[in-house]
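The values are calculated or read from the model by the stated rules, or taken from the named source; none is laboratory data. Just so it is clear, the model here is predicted, and its values are computed rather than measured. Please note: Cβ atoms are built from the backbone with ideal geometry, for glycine as well, and neighbour counts cover all protein chains shown. Please note that ligands, DNA and RNA were not included when accessible areas were found on the heavy atoms of the full protein model with its side chains. Shrake-Rupley method; radii C 1.70, N 1.55, O 1.52, S 1.80 Å.
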Amino acid sequence: MYELIVFDWDGTLMDSEATIVDCLQMAARDLGIAEPGRERARNVIGLGLHQALASLFPASSDAQVDALAQQYRKHFLREDRAPSPLFPGARELLEELASRGYFLAVATGKSRQGLDMELEHSGLGTFFQATRCADEAFSKPHPQLLLDVLDYLGVASGQALVVGDTEYDMQMAANAGSDAIGVGFGVHSPERLREHGALTVVEHLQHVSDWLAESGGQ
């Protein structure tokens, strides 16, 4: 029986793909670097920002990656940017899981400043007992984000379930000794999620609750 459900953020609870891709492309344009295509840019969503940028721009120096990160943050954190929407059923799922006594947490490739901004805009912050960001630990697929959450809440790895939309989420869970399920409406395909260890892939967030009930996860 799971005690803790750990959610990825972008592509899992929030439909932020378009915003992230736009900000990555604008950062490249700001510095006169050839911008990546949308498919290449969306593929790195879920990694920490510096890891994502280093993957997108492998010929860039560390200084160039730092400059790209600075420009990305400028665009993503600007006050006039329209907030990204939550996926349908996100709030209802969290309300239901909280009512059933689960610990809830977030492990994300976002920065602390970026996540705190989105938690405030979405009003979801009160649901989570713990959150961990990529500027506070090694980026996914390294397990540290998840291990830090487990340690903070005193939950064994086998009693935690990760919910995410990328292979990096699935690998993080496996590397920490936890189970994971995928959502099929995010960045990576259902086949890719299953290939990297997803126990199942759901097509609507409410199906997470259904799967927990059917699988005996509580």
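Overview of values
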| quantity | calculated |
| --- | --- |
| Calculated log₁₀ intensity ratio I(q)/I(0) where the Debye formula runs over C-alpha points of the range 128-218, q = 0.12, 0.16, 0.22 Å⁻¹ | -0.34, -0.62, -1.13 |
| For the range 148-217 and the range 28-104, distance of Cα centres in Å | 20 |
| Protection proxy ranking, peptides 90-101, 74-85, 14-25, average beta carbon neighbours within 10 Å, highest first | 14-25, 90-101, 74-85 |
| Label-reachable residues, the range 192-210, where backbone N falls under 14 Å from a point 7 Å from Arg100's Cα toward its Cβ | 205-210 |
| Fraction of beta bridges assigned by DSSP in the chain that are antiparallel (%, nearest 5) | 5 |
| Cβ-defined net charge surrounding Trp211, 12 Å radius [Lys, Arg +1; Asp, Glu -1] | -4 |
| For Ala173, net neighbour charge (Lys/Arg +1, Asp/Glu -1) across residues whose Cβ lies under 12 Å away | -3 |
| Nonlocal amide H pairs with Val106, under 5 Å, H built at 1.01 Å | Phe7, Ala130, Thr131, Arg132 |
| Distance-filtered residues of the range 170-210 - backbone nitrogen under 17 Å, label point 7 angstrom along Asp151 Cα→Cβ | 173, 175-178 |
| Neighbourhood charge, 9 Å Cβ-Cβ cut-off, centred on Val183 and excluding it, Lys, Arg +1 and Asp, Glu -1 | -3 |
| Relative contact order (percent, whole number), the chain, Cα cutoff 8 Å, 6+ residue spacing | 25 |
| Per-residue HN-Hα couplings for the range 193-199 [Karplus 6.51, -1.76, 1.60; θ = phi - 60°; Hz; x = Gly/Pro] | 5, 5, 4, 9, x, 4, 5 |
| Area of Ser55 that stays accessible when all protein chains are in place (1.4 Å probe, Å², to 10) | 60 |
| The chain: radius of gyration and largest Cα-Cα distance (Dmax), Å | 16.7, 53 |
| Ala18-Asp210 FRET efficiency (beta carbon distance; Förster radius 41 Å; 0.05 resolution) | 0.90 |
| Mean projected area in nm² (Cα convex hull; one quarter of hull surface) for the range 80-132 | 3.9 |
| Semi-axis lengths (Å, descending) of the ellipsoid that matches the C-alpha gyration tensor of the range 173-218 | 17, 15, 7 |
